[in-house]
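The values are calculated or read from the model by the stated rules, or taken from the named source; none is laboratory data. All figures in this text were calculated on a predicted structure; none of them were measured in a lab. As a convention, Cβ positions derive from the backbone with ideal geometry for all residues, glycine included, and neighbour counts pool all protein chains shown.
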Amino acid sequence: MAKTFIALDAEFYWDRDLHELHKAMDPKSQRHAVAVKKVMAAAVFQFTIDEDGRVSTGEIGSWSERDWGSEKGVVRKIFDYLRAHENKPIVTFGGLAVDVPVLLLAGISHGLRLPPQLVDQPGRRGPRPHLDLALQLKGGGRTWTHLSQLLLRMGVPFDLVAAKSTVPRPASDGAWQNVRDHVELDCLLLAIAKIGWLAAQGTNGLSLETAIMTLVEGFLRRRPDHKLAAGLQSYANELHGRIAVGLANAA
């Protein structure tokens, strides 16, 4: 049976006013507190793996304050989207530590009902609605792996991985476009990492390089205007070459 995942990523900024209020109560408080982060943008990227290990891509969606006016507007759109796809699990990287708490705080602050994938369900049985890949990689050990480290180890080009670094709060339309490109690319990179995890777990028929190529090309079909489209196409071409060499060697 085919399984569809939703790669989810969000971008945050430090709310200066909230931080100052925290400092007024506790002068020793640090900027690192999750409670002073606010959501400025988010994106999703759907991808599917069928029973034969074939990968296909689906929708890309993104929302930002530029288009929806405020954190409340952005988070409402994210929640509505996930609710419309409640049967599909979301995938994050470190989401249980940051993304989910910030989204939860936003939901509480603005009176927004959480989608099923983010609702706390003590004692729940059955498939998990949220998969934190960072936690899956850690397993029972103590070592955490950064997504960028994993991607570089998988052979993803440095320029694509380096683009993962955080982006500042935009001050112009062009800068907001950069945020959209950034958060959507993060979802693609997360999907690539998840495919690597599934291949390592022995998913039947799943060919890693072919699957990654499918993800990249599917992303480019939907976002041909992405600022890193040339780099993504170069990566897809490189994967084509690797696959062709592998087939020739096997012949």
**Message:** As an exercise: evaluate residue 165 against (1) in contact with a Lys or Arg (Cβ under 8 Å, 6 or more places away or on another chain); (2) more than 25 Å from residue 3 (Cβ to Cβ); (3) of a type in the set (S, T, N, Q) and give the number of the one condition it does not meet.
**Reply:** (1)
**Inter-residue pairs, beta-carbon under 8 Å, first assigned to a helix (DSSP H, G or I) and modelled with pLDDT of 90 or more and in segment 228-247, second buried (at least 16 other Cβ atoms within 10 Å of the Cβ) and aromatic (Phe, Trp, Tyr), 6+ apart** = 232/219
**Request:** Determine if segment 20-30 includes at least one residue that is at pLDDT 95 or above and farther than 25 Å from residue 206 by Cα.
**Result:** no
**Message:** Condition (residue is over 24 Å from residue 166 (Cβ atoms) and surrounded by 17 or more Cβ atoms within 10 Å (Cβ to Cβ)) applied to segment 73-87: is it met by at least one residue?
**Reply:** yes
**Message:** Can you tell me which residue is farthest from residue 235 (Cα to Cα) among those in segment 151-184 that are in contact with a Phe, Trp or Tyr (Cβ under 8 Å, 6 or more places away or on another chain) and part of a helix (DSSP H, G or I)?
**Reply:** 184
**Request:** Please work out which residue is farthest from residue 227 (Cα to Cα), limiting yourself to segment 135-173 and to residues that are aliphatic (A, V, I, L, M) and at pLDDT below 90.
**Result:** 171
**Item:** Residues being closer than 20 Å to residue 103 by Cα and either under 13 Å from the mean Cα position of the chain (by Cα) or of a type in the set (Lys, Arg) (or both) - total across segment 13-55
**Value:** 10
**Message:** Condition first: buried (at least 16 other Cβ atoms within 10 Å of the Cβ) and more than 29 Å from residue 74 (Cα to Cα). Can you find one or more residues in segment 164-184 that meet it?
**Reply:** no
**Qualifying residues in segment 95-134 (those that are among the polar types (S, T, N, Q) and exposed (fewer than 14 other Cβ atoms within 10 Å of the Cβ)) - the one modelled with the highest pLDDT** = 109
**Prompt:** Can you name the helices (runs of 4 or more DSSP H) wholly within segment 1-105 that have at least 1 residues being out of contact with any strand residue (DSSP E or B) (no Cβ under 6 Å at 6 or more places or on another chain), closer than 20 Å to residue 118 by Cβ and aliphatic (A, V, I, L, M)?
**Reply:** 71-84
